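Let me begin by presenting the structure, written as structure tokens, before commenting on it.
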Amino acid sequence: VPAFPVDTHIHRLAWRWTLSSGKSVERTEVDLKRLFPQDSWNTLHLRIIFFGREYCPAKGHDPGKCPICSVIGRRELFR
């Protein structure tokens, strides 16, 4: 069964990467499901988590070092 579970990691990264408004986990789930094809949801969920751990951690985040934040990240991350 295809699912796109949105936990705090996915929610935070979707907001940082301007993929969602970040208002709620539910809103983020809707936004991501609209952006990505259903057959990619399960795999993409895990890839986002692993990418975030490596390049875009919750603590000590440097948006200039994240390959995604540095290109499409929210500008307020760079203040």
About its Cα centre, segment 8-78 carries a charge dipole, from +1 on Lys and Arg Cβ atoms and -1 on Asp and Glu Cβ atoms, whose size in debye to the nearest 20 is 160 debye
Between the Cα axis of helix 41-55 and the main Cα principal axis of the chain, the angle (0 to 90°, nearest 10) is 20 degrees
If the chain between GLU76 and GLU26 were fully extended at 0.36 nm per residue, the gain over the current Cα-Cα distance would be 15.7 nm
Computed over the chain, the relative contact order (Cα-Cα under 8 Å, seq sep at least six) in percent reads 34 percent
Inverse of <1/r> over all distinct C-alpha pairs of segment 1-71, i.e. the Kirkwood Rh in Å, gives 12.3 Å
Taking Lys and Arg as +1 and Asp and Glu as -1, residues besides ILE49 with C-beta under 12 Å from its C-beta add up to +1
Residue-normalised 222 nm signal for the chain, counting each DSSP H run of n ≥ 4 as -39,500 (n - 2.57), nearest 500 deg cm²/dmol, is -14500 deg cm²/dmol
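Values in this text are rule-based calculations from the coordinates and carry no lab data. Note that the structure is a prediction, hence the values are computed from the model and not measured. Positions of Cβ are backbone-derived with ideal geometry, glycine not excepted, and every protein chain shown enters the neighbour counts.
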